[in-house]
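The values are calculated or read from the model by the stated rules, or taken from the named source; none is laboratory data. Values in this document were obtained by computation on a predicted structure and should not be read as measured data. Glycine gets a Cβ as well: all are built from the backbone with ideal geometry, and neighbour counts include every protein chain shown. Surface areas here come from the heavy atoms of the whole protein model, side chains and all, with no ligands, DNA or RNA. Shrake-Rupley method; radii C 1.70, N 1.55, O 1.52, S 1.80 Å.
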Amino acid sequence: MRKVVYIILLILTAQAAKAQTTLTLADSLFEKKKYTESFELYKGILELEKKSSPSMLLKMAYIKEGLGGYSDALYYLNLYYLQTADKKVLSKMEELSKKRNMKGYEFSDFEFIQTIFYKYYFIICGLVFALSLLFLAFTYHMKINLKRSPVLPASFMSISLAILFYILNFGHDYDKAIINQSSTYMMSGPGAGAEVISIIDKGNRLQTKGEYDVWTKVEFDNKTGYIKTDKLKKIAF
């Protein structure tokens, strides 16, 4: 058993070292203004290794903006905002979206609260889990040591576990996506035979409301409809 744990630790350490080496190389290429090469390395870290840092995301946005890829730049800036809750980046996103007449980048107070939650997601999960253990200890103490009915702490424990279950399974979902193809049809229903409600250009951001087979229900410009999922770039936390 110890050998298995040791091997797993070695593999994880090697992967972490490889990721750090790749990031260091990408940063070096960026400093040398070899933006295309550095971007490909950053993209691999983000998409293949599912890792990112605020600094890396800002560099990716900078590269894409310089190459005229405004929709991608907005995507990486939005990811940066989710990690940092930095309101300063909102003005940059507004500037870029207005430059290309893109909609959906209006930010509300509720979305800011959401972003704060995402920023401290793992801390919140840890606190809720710790509360669950605390209520479990109280339940045990009242039932075994005090010989009393532990209804109240048991109820709080159940509630905290339910909250933890929801947070772990649904709480990290960010219901926003960016159109990744020009002239994308928004349909009245989840099918090719449905009526076309709108034709939306690449780069517009919209709210998602669930997936139905190969379709995603969306809300955009005060209209609700369906868009093929492969035409959307989900802004994933």
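Every residue in segment 173-203 that is in contact with a helix residue (DSSP H, G or I) (Cβ under 8 Å, 6 or more places away or on another chain) and open to solvent by less than 60 Å² (accessible area, probe 1.4 Å), please. Please lay out each step first, then the result.
The initial filter retains those residues of segment 173-203 that are in contact with a helix residue (DSSP H, G or I) (Cβ under 8 Å, 6 or more places away or on another chain), namely 174, 176, 178-181, 184, 202-203.
Result: TYR174, LYS176, ILE178, ILE179, ASN180, THR184, GLY203.
List the residue pairs whose Cβ atoms are under 7 Å apart, where the first residue sits in segment 89-112 and is within 15 Å of LEU206 (Cβ to Cβ), the second is of a type in the set (S, T, N, Q) and outside any helix (DSSP H, G or I), and the two are 6 or more positions apart or on different chains.
MET102/ASN204; LYS103/ASN204; GLY104/ASN204
Given the criteria in a helix (DSSP H, G or I), at pLDDT 95 or above, open to solvent by 40 Å² or more (accessible area, probe 1.4 Å) and polar (S, T, N, Q), does SER38 qualify? Spell out how you get there, then give the answer.
Numbers: in a helix (DSSP H, G or I): yes; at pLDDT 95 or above: yes; open to solvent by 40 Å² or more (accessible area, probe 1.4 Å): no; polar (S, T, N, Q): yes.
No.
Which members of segment 204-237 meet the condition of being surrounded by 19 or more Cβ atoms within 10 Å (Cβ to Cβ) and in a loop (DSSP other than H, G, I, E, B)?
ASN204, ILE235
Of TYR75, TYR62, TYR81, which residue is surrounded by fewer than 19 Cβ atoms within 10 Å (Cβ to Cβ) and in a helix (DSSP H, G or I)? Working first, answer last.
Details: TYR75 fails: surrounded by fewer than 19 Cβ atoms within 10 Å (Cβ to Cβ); TYR81 fails: surrounded by fewer than 19 Cβ atoms within 10 Å (Cβ to Cβ).
The unique qualifying residue is TYR62.
Could you tell me whether segment 43-50 includes any residue that is at pLDDT 90 or above and either among the hydrophobic types (A, V, I, L, M, F, W, C) or in contact with a helix residue (DSSP H, G or I) (Cβ under 6 Å, 6 or more places away or on another chain) (or both)?
The answer is yes, given that some residue of segment 43-50 is at pLDDT 90 or above and either among the hydrophobic types (A, V, I, L, M, F, W, C) or in contact with a helix residue (DSSP H, G or I) (Cβ under 6 Å, 6 or more places away or on another chain) (or both).
Take SER108 and tell me if it is of a type in the set (Gly, Ala, Ser), at pLDDT below 90 and farther than 25 Å from THR22 by Cβ. Spell out the reasoning first.
Numbers: of a type in the set (Gly, Ala, Ser): yes; at pLDDT below 90: yes; farther than 25 Å from THR22 by Cβ: yes.
The answer is yes for SER108.
Of the numbered conditions (1) within 17 Å of LEU127 (Cα to Cα); (2) more than 26 Å from the chain's Cα centre (by Cα); (3) open to solvent by 60 Å² or more (accessible area, probe 1.4 Å), LEU168 fails exactly one; give the number of that condition.
Result: LEU168 passes all but (2).
Regarding LEU67, is this residue of a type outside the set (Lys, Arg), surrounded by fewer than 18 Cβ atoms within 10 Å (Cβ to Cβ) and either out of contact with any strand residue (DSSP E or B) (no Cβ under 7 Å at 6 or more places or on another chain) or over 20 Å from GLN20 (Cβ atoms) (or both)? Don't jump to the end; show me each part of the working.
Numbers: of a type outside the set (Lys, Arg): yes; surrounded by fewer than 18 Cβ atoms within 10 Å (Cβ to Cβ): yes; either out of contact with any strand residue (DSSP E or B) (no Cβ under 7 Å at 6 or more places or on another chain) or over 20 Å from GLN20 (Cβ atoms) (or both): yes.
So LEU67 passes the test.
Can you tell me which of THR139, THR115 is closer than 30 Å to VAL218 by Cβ, open to solvent by less than 50 Å² (accessible area, probe 1.4 Å) and β-branched (Val, Ile, Thr)?
Values: THR139 fails: closer than 30 Å to VAL218 by Cβ.
Among THR139, THR115, only THR115 is closer than 30 Å to VAL218 by Cβ, open to solvent by less than 50 Å² (accessible area, probe 1.4 Å) and β-branched (Val, Ile, Thr).
When the residues of segment 46-59 are narrowed to those that are among the charged types (D, E, K, R) and closer than 17 Å to LYS233 by Cβ, which ends up least open to solvent (accessible area, probe 1.4 Å)? Step through it out loud before you land on a result.
Residues of segment 46-59 that are among the charged types (D, E, K, R), as a first pass: 47, 49-51, 59.
Of the ones still in play, those that are also closer than 17 Å to LYS233 by Cβ are 47, 50.
Values: GLU47: 84, LYS50: 158 Å².
Among them, the one singled out is GLU47.
Is at least one residue of segment 167-187 at positive phi, at pLDDT 90 or above, touching a strand residue (DSSP E or B) at 6+ places or on another chain (Cβ under 7 Å) and not aliphatic (A, V, I, L, M)? Give the steps one after another, and end with the answer.
Applying the first criterion (at positive phi) to segment 167-187 yields 183.
Still in the list and also at pLDDT 90 or above: 183.
After this cut, where a residue has to be touching a strand residue (DSSP E or B) at 6+ places or on another chain (Cβ under 7 Å) as well, the list is 183.
Next, from what is left, pick out any that are not aliphatic (A, V, I, L, M): 183.
Yes, segment 167-187 has at least one match.
Pick from segment 84-112 the residues that are among the acidic types (Asp, Glu) and outside any loop (DSSP other than H, G, I, E, B): which of them is surrounded by the fewest Cβ atoms within 10 Å (Cβ to Cβ)?
Narrowing segment 84-112 to residues among the acidic types (Asp, Glu): 86, 94-95, 106, 109, 111.
Applying the additional criterion that residues be outside any loop (DSSP other than H, G, I, E, B) yields 94-95, 109, 111.
Values: GLU94: 14, GLU95: 10, ASP109: 7, GLU111: 15.
Filtering segment 84-112 for residues that are among the acidic types (Asp, Glu) and outside any loop (DSSP other than H, G, I, E, B), the one surrounded by the fewest Cβ atoms within 10 Å (Cβ to Cβ) comes out as ASP109.
If you go through segment 119-128 one residue at a time, do you hit one that is out of contact with any Asp or Glu (no Cβ under 8 Å at 6 or more places or on another chain) and not in a helix (DSSP H, G or I)? Reasoning before the result, please.
Initially, segment 119-128 is screened for residues out of contact with any Asp or Glu (no Cβ under 8 Å at 6 or more places or on another chain), giving 119-128.
Those left that are additionally not in a helix (DSSP H, G or I): 120.
Within segment 119-128, one or more residues are out of contact with any Asp or Glu (no Cβ under 8 Å at 6 or more places or on another chain) and not in a helix (DSSP H, G or I).
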